[in-house]
Amino acid sequence: MTPSPSDITGRRYPSSETLMAEAMAAANLSDFGPGDFRHGLDVLLASLERDADFDLSADARLIRVLRRRLINRLEVEQWYREHPELENLTVRGPVDVIGFPRTGTTALANMMSLDSQFRCLRGWEQARPCPPPILGQEAQDPRRVAAARHYDQREPEAMALHLYELDATTEDTELLGMACRDPGYTWPVYGYHAWWRDADFTVAYHYHRRVVKLLQSRRPPALWLFKAPHRIFNLEAIVEAYPDVRFIMTHRDPGKVVPSYASLVSTIFPAPGGERDMRRLGREVCAHLRDGMRAAIGARERLGEDRFLDVHHHELVRDPLETVRRVYDFLGVPWRDDVQRSVLVWQERNKPGAYGQHRYTAEQFGLSAARIRADYDFYIERFDITLES
């Protein structure tokens, strides 16, 4: 492919044709596999052209991410051609930890990830799925080695913002990003976010399962543990791809959730060319999460409550061990003594305040707890949410 005229005449970002051509040249492959990824890529690039207000130095990093995901698609299809037996692999579960961000999804998923009965979706393998990891050889896997180096260099303040474990399951941002349905709220592209909220994810989750089977092929077990706060937007789509999925849904006072998430997002967004509009960020985050919860409540009514277990943040903080055991009872997964010991060690290492405090206010983002709670009254009433001081 050759660059389109718009790529030569002043576009800030390359077109999808150019990115795909670059990926094919880099991989020496040409089959991007099934799915409607191209439309999502076009929407994202158009939103970047229209909405991006960050410094130009961030552009190269973003383009590298998009190009890497396209290369990943090419390599996944090549791996399937060389290993057609992957098509017949069975995926068990998954167990999916969902809910608003900042409600304990990470803490709960990290504790469950200590259990070898679950197959975790690790960040370092998502970012480059091929070749799939091999059981017993992961300590030497170059992807994990590089991730461990980055993990060791993280600032203590980062852990106060967000817990991170090298081998714990994490958000499937890369897998959905390969389908150009990236759920990560990591770039100020509000036009793309608006499109994403209403996009059809059915094909994206079938592609998601395709990559999951590849990752599982040389590294059992087959019972997967996912964690994805963004899943509240598209529960029915993942059920279509994973009919046996069960959900652990975490909850917390939205008067705390919304400003905490806005604060986290403000540290992730790349540096702006001008002053960041924090008030707009607050409005966008508040509306984004509200729309997601409305979608989730509607989906739960259609899917049936038997797939869901609700876990409240105050329960998880007050008695994390008992909360995890309640999750295991719901799932019918054996609770072993070695898992309990590992969870207790994890809890001691990560008890509240262990890494400092994440400080924020709703007013920083042009919000107030009272106004947020009024906007989320449907959620507070539906799940009997305990309000925090």
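The values are calculated or read from the model by the stated rules, or taken from the named source; none is laboratory data. Keep in mind the model is a prediction, meaning the values are calculated, not measured. Note that we place each Cβ from the backbone using ideal geometry, even for glycine, and neighbour counts take in every protein chain shown. Heavy atoms of the whole protein, side chains included, go into the accessibility calculation; ligands, DNA and RNA do not. Shrake-Rupley method; radii C 1.70, N 1.55, O 1.52, S 1.80 Å.
List every residue pair whose Cβ atoms sit under 7 Å apart, with the two residues 6 or more apart in sequence or on different chains, where the first one lies in the stretch 124-139 and is on the phi > 0 side of the Ramachandran plot and the second, anywhere, is open to solvent by 20 Å² or more (accessible area, probe 1.4 Å).
Hits for this filter: zero, empty list.
Only one of Ala296, Ala287 is under 27 Å from Leu223 (Cα atoms), among the small types (Gly, Ala, Ser) and within 19 Å of the chain's Cα centre (by Cα); which? Talk me through it step by step, then tell me what you get.
Details: Ala287 fails: under 27 Å from Leu223 (Cα atoms).
Sole residue among the options that is under 27 Å from Leu223 (Cα atoms), among the small types (Gly, Ala, Ser) and within 19 Å of the chain's Cα centre (by Cα): Ala296.
Which is in a helix (DSSP H, G or I), closer than 30 Å to Tyr13 by Cβ and open to solvent by 50 Å² or more (accessible area, probe 1.4 Å), of Arg68, Arg81? Walk me through it before giving the result.
On the way: Arg81 fails: closer than 30 Å to Tyr13 by Cβ.
Result: Arg68 is the single residue among Arg68, Arg81 that is in a helix (DSSP H, G or I), closer than 30 Å to Tyr13 by Cβ and open to solvent by 50 Å² or more (accessible area, probe 1.4 Å).
Being among the hydrophobic types (A, V, I, L, M, F, W, C), over 19 Å from Pro132 (Cβ atoms) and either assigned to a helix (DSSP H, G or I) or open to solvent by 10 Å² or more (accessible area, probe 1.4 Å) (or both) is the filter here; which residues of the stretch 189-221 pass it? Even if it seems obvious, please write down each step before you answer.
Taking the stretch 189-221 as the starting set, the residues that turn out to be among the hydrophobic types (A, V, I, L, M, F, W, C) are 189, 194-196, 199, 201, 203-204, 211-212, 214-215.
Checking which are over 19 Å from Pro132 (Cβ atoms) leaves us with 189, 194-196, 199, 201, 203-204.
Ala194, Trp195, Trp196, Ala199, Val203, Ala204, listed by residue number.
Anything in the stretch 12-38 that is loosely packed, with under 15 Cβ neighbours inside 10 Å and either at pLDDT 95 or above or farther than 21 Å from Glu75 by Cα (or both)? List them, or say none.
Arg12, Ala25, Ala26, Asn28, Ser30, Asp31, Arg38
Let me spell it out: the conditions are (1) open to solvent by less than 20 Å² (accessible area, probe 1.4 Å); (2) at pLDDT 95 or above; (3) within 30 Å of Val333 (Cβ to Cβ); (4) aliphatic (A, V, I, L, M), and Leu74 meets all of them except one. Which number is the exception?
(3)
Residues being under 30 Å from Leu214 (Cα atoms) and either at pLDDT 95 or above or surrounded by 16 or more Cβ atoms within 10 Å (Cβ to Cβ) (or both): count how many of those fall in the stretch 45-63.
Matching residues across the stretch 45-63 total 3.
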